[in-house]
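The values are calculated or read from the model by the stated rules, or taken from the named source; none is laboratory data. No experiment lies behind these values; they were computed from the predicted model shown. Quick reminder, even Gly has a Cβ in these numbers, built from the backbone with ideal geometry, and neighbours come from all protein chains shown. Side chains are part of the model used for accessible areas, which takes the heavy atoms of the whole protein and leaves out ligands, DNA and RNA. Shrake-Rupley method; radii C 1.70, N 1.55, O 1.52, S 1.80 Å.
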Amino acid sequence: MRTFLFQALVSLVFGFVFGVIGLFVGAWFGGNFATEVVFNGVRGYEATSQIGLILFALVGLVMGWKFMEKRKKKTH
């Protein structure tokens, strides 16, 4: 049970860090290239930053979980 909680915590940290990175990448992309994108009631860099946050956070969660799975297999 303890390893599962640690694995979940590491995955959340990965998701948070990747989400923040995605926020900035999305804002940069939307401000420079996708000014007409509309998402969640906003447009341009505000919309693409939200999309970047969501996508990067999901990728970060999965990567954190996979990272901990590989690490767990090495120790056993």
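Summary table
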item	result
Cβ pairs under 6 Å, 6+ apart, first in segment 1-23 and over 21 Å from LYS73 (Cβ atoms), second among the aromatic types (Phe, Trp, Tyr) and part of a helix (DSSP H, G or I)	PHE18/PHE56; GLY19/PHE56; ILE21/PHE56; GLY22/PHE56
Flag for GLU46 being open to solvent by 70 Å² or more (accessible area, probe 1.4 Å) and assigned to a helix (DSSP H, G or I)	yes
Unmet requirement for LYS74, which otherwise passes all of (1) open to solvent by less than 70 Å² (accessible area, probe 1.4 Å); (2) not in a loop (DSSP other than H, G, I, E, B)	(1)
Complete set of residues in segment 1-40 that are open to solvent by 80 Å² or more (accessible area, probe 1.4 Å) and not in a helix (DSSP H, G or I)	MET1, PHE33, GLU36, VAL38, ASN40
When residues of segment 45-69 are limited to those that are aromatic (Phe, Trp, Tyr) and under 12 Å from VAL25 (Cα atoms), the one modelled with the highest pLDDT	PHE56
